[in-house]
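All remarks here apply to the structure that follows.
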Protein chains: 2
Amino acid sequence: MSKRIAGPEIERLIQLLAKVPGLGPRSARRAALHLIKKKEALLIPLGSAMQDAAEKVRVCSTCGNVDTADPCMICTDPRRERSTLIVVEDVSDLWALERAGSMNVRYHVLGGRLSPLDGIGPDDLNIASLVGRVAEGEIKEVILAVNATVEGQTTAHYITDQLAGFDVRITRLAHGVPVGGELDYLDEGTLAAALRARTSL
Amino acid sequence: MSKRIAGPEIERLIQLLAKVPGLGPRSARRAALHLIKKKEALLIPLGSAMQDAAEKVRVCSTCGNVDTADPCMICTDPRRERSTLIVVEDVSDLWALERAGSMNVRYHVLGGRLSPLDGIGPDDLNIASLVGRVAEGEIKEVILAVNATVEGQTTAHYITDQLAGFDVRITRLAHGVPVGGELDYLDEGTLAAALRARTSL
């Protein structure tokens with residue numbers, strides 16, 4: 001706000017809310033008002049949930065996931081198959097794959113992708129720890145579930161090189177038409193890939 | 001998430017974030033991850049800002065604004081002209097008018113609009129306290145800055161009736177073309193109102 005119209009506590013709340021992804025300056029004001037109106041139902045519980053999370057959430061030292069336990073729930077889950085590892089760029093990708101829920105395996109979070117322009121090299125990602133996990137010998141397949149972007153593919157190639165000396169199968173996600181997607185809206189690259197990888201009915 | 005993939009603290013944070021206006025279930029997950037990653041810079045400060053606001057913010061017993069002081073900063077501001085009062089539906093409208101910053105006066109927040117279908121009658125709004133403020137005799141003009149909706153206009157008419165016995169000028173906001181707006185995108189009602197209220201150059 002250009003003009004101070006409320007106490008500093010409210011303005012600070014608005015300023016911090018505006019930094020939350022998905023909220024801008026305008027929606028931060030709307031959110032702050034809503035929170036203040038729903039003090040008992042939302043503002044107080046959300047404030048304490050944030051404090052709770054800040055105190056208890058940590059990064060899993062094995063896979064890079066975030067959880068309140070280290071190693072995380074996924075790494076210690078005895079029902080997960082241990083011979084396959086899915087490599088993702090970010091925790092959000094791990095969550096997305098878990099929502100899909102089609103494979104009951106463990107993960108390795110790189111914490112980003114190789115991006116020389118942004119100064120992100122191999123040492124900035126959790127690649128050494130990935131090589132270390134593979135070197136233990138239990139893992140037989142590494143699925144590179146990185147984004148289908150130039151940087152994601154560069155990262156995939158780099159990891160493939162690093163794992164060349166190990167007896168491990170390295171795979172990547174299939175390219176193709178999204179389920180429910182309409183051909184008319186797809187780019188040519190995806191359509192060409194979907195045609196090349198066509199399957200028999 | 002259909003499947004539990006993280007500790008209850010993280011899931012609780014996501015569930016509460018999803019109730020913030022402007023965030024849905026998907027963006028709440030993204031926001032939670034971002035907050036966890038920016039623990040020192042955002043999660044902890046935002047959590048304590050929320051606790052601070054919950055403890056200190058109250059509703060102004062004079063005008064219905066939210067502030068850490070009661071009466072609020074606007075009601076107690078000695079530089080504000082006291083003979084004009086702007087009536088708004090909600091605190092967000094008060095903030096919007098303050099951002100416009102064109103009038104240095106005080107406000108009265110109704111806390112909603114008359115809406116028989118939703119069961120909101122005159123007793124659910126701060127109308128009695130508005131009449132009480134006008135009855136004190138200091139106020140010479142009441143600007144009804146309610147929304148230009150059917151319910152807003154109904155509310156304006158009701159308030160006009162309630163204030164009929166007092167020596168006070170009652171006005172409303174002008175209708176017209178928004179500044180920077182293109183005629184092509186405006187509805188007929190606004191265009192007709194803008195034509196009727198045309199001014200000389």
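Each reported figure results from applying straightforward, stated rules to the coordinates on display, with no laboratory input. Note that this is a predicted model, so its numbers are computed, not measured. Cβ: placed from backbone, ideal geometry, glycine included. Neighbour counts: every protein chain shown.
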Inter-copy label distances at B:GLY180 (7 Å, Cα→Cβ; nm, one decimal): 3.6
5 angstrom amide H check on B:ARG172, placed H, neighbours 5+ away: B:LEU144
Using a 7 Å Cα-to-Cβ projection, B:GLU138 label spacings across copies, nm, ascending: 7.4
Within straight-line cross-link reach of B:LYS39, aspartates and glutamates at Cα separation under 19 Å, skipping those fewer than 8 residues along the same chain: A:ASP52, A:GLU55, A:ASP67, A:ASP70, A:ASP90, B:GLU9, B:GLU11, B:ASP52
Residues B:SER200 and B:LYS38, FRET efficiency given R0 of 41 Å [Cβ-Cβ distance, rounded to 0.05]: 0.15
Kirkwood Rh, angstrom, the protein assembly as shown [1 / mean 1/r, Cα pairs]: 25.7 Å
For A:THR62, distant residues with modelled amide H under 5 Å away: A:CYS72
Computed FRET value (nearest 0.05) for A:LEU117 with A:ASP70, which takes r as the C-beta separation and R₀ as 35 Å: 0.60
Alpha-carbon centroids, region A:17-49 and region B:75-117: separation in whole Å: 22 Å
Farthest positive-ward along chain A dipole, Cα basis, beta-carbon charges - from A:ALA193, A:GLY119, A:MET50: A:MET50
Cβ-derived FRET efficiency at R0 25 Å, B:ARG26 paired with A:GLN153, nearest 0.05: 0.45
Which of A:HIS108, A:HIS175 has the fewest Cβ neighbours within 10 Å, and the rest in rising order: A:HIS175, A:HIS108
Label-point separation, A:LEU191 to B:VAL177 (7 Å along Cα→Cβ), nm: 4.3 nm
Ranked packing of A:87-98, B:113-124, B:179-190, most packed first, by mean Cβ within 10 Å: A:87-98, B:113-124, B:179-190
Distance (nanometres) between label positions extended 7 Å along Cα→Cβ at A:SER129 and B:SER102: 5.7 nm
Kirkwood hydrodynamic radius (C-alpha pairs) into Stokes-Einstein, region A:121-201, 10 °C and 1.306 mPa s, D in µm²/s: 108 µm²/s
Cut-off under 5 Å, modelled amide H: who pairs with A:TYR107 long-range: A:ILE86
Closest-to-axis residue of chain B (Cβ criterion, axis taking B to A), whole Å: B:GLY47, 3
